[in-house]
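**Q** Sharing a structure here in structure tokens format.
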Amino acid sequence: MRQSYVYILKCADGTYYTGVTSDLTKRIESHEEGKYKGSYTSKRLPVELVFYAEFTDINFAIEKQIKNWSKAKKEALINGDYDALPNLAKKKFNR
């Protein structure tokens, strides 16, 4: 099976972009060059690769899940604070 990568970029404005690719080096270069004008990252250069995970089957890559995570939860993943992930997934309700 072909290797796939889920990655997170930190943009110049402090936001995060999550993507998936089969060629991480080439994809990061595309982001850094602003290859796709008008894209989310092209308006927020420079970008920095802050996380990636390798998968042997793209169907198991969790990009779509990560895209919906809060900034705090993404930062816990980036920092390797895996124990915090379940708590950051809980919804907070106002009383």
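What follows is calculated from the coordinates using simple rules that are stated; it is not laboratory data. Here the structure is a predicted model, which means the values were calculated and not measured. So basically every Cβ, Gly included, is an ideal-geometry build from the backbone, and we count neighbours across all protein chains shown.
**Q** If you work out percent of Cα pairs over 23 Å apart from the coordinates, which of (1) 17; (2) 29; (3) 10 do you get?
**A** Of the labelled values, this structure produces (2).
**Q** Can I ask one more? So how do Leu77, Leu49, Leu85 line up by other beta-carbon neighbours within 10 Å, fewest first?
**A** Listing Leu77, Leu49, Leu85 from fewest to most nearby Cβ atoms yields Leu85, Leu49, Leu77.
**Q** Could you give the size of the charge dipole of the chain about its Cα centre, using +1 on the Cβ of each K and R and -1 on the Cβ of each D and E, expressed in debye and rounded to the nearest 20? Mind showing how you got there, number by number?
**A** Values: 17 positive and 12 negative charges, 132 e Å.
The dipole magnitude comes to about 640 debye.
**Q** From the phi angles alone, apply the Karplus equation (6.51, -1.76, 1.60; θ = phi - 60°) to segment 13-26 and give each ³J(HN,Hα) in whole Hz, x where the residue is Gly or Pro.
**A** So the Karplus estimates, Gly and Pro as x, are 8, x, 8, 10, 10, 10, x, 9, 7, 9, 9, 4, 4, 5 Hz.
**Q** For the chain, what does -39500 (n - 2.57) per DSSP helix run (n ≥ 4), summed and divided by total residues, give at 222 nm, in deg cm²/dmol to the nearest 500?
**A** Numbers: 4 runs with 28 residues, N = 95.
Value at 222 nm, helices only: -7500 deg cm²/dmol.
**Q** When only DSSP loop residues count, what chymotrypsin sites (Phe, Trp or Tyr not before Pro) in segment 1-39 have their Cβ near at most 12 other Cβ atoms within 10 Å? Please list the in-between numbers first.
**A** Values: sites: Tyr5, Tyr7, Tyr16, Tyr17, Tyr36; in loops: Tyr36.
For chymotrypsin sites (Phe, Trp or Tyr not before Pro) across segment 1-39 that sit outside H, G, I, E and B with at most 12 neighbouring Cβ atoms in 10 Å, the list reads Tyr36.
**Q** To the nearest 0.05, what FRET efficiency results for Asn87 and Ser39 with a Förster distance of 35 Å applied to their C-beta separation?
**A** Calculated transfer efficiency: 0.60.
**Q** Same structure again: Under a 5 Å amide H to amide H cut-off, with H placed in plane at 1.01 Å, what residues pair with Phe51 once short-range neighbours are removed?
**A** Ile8
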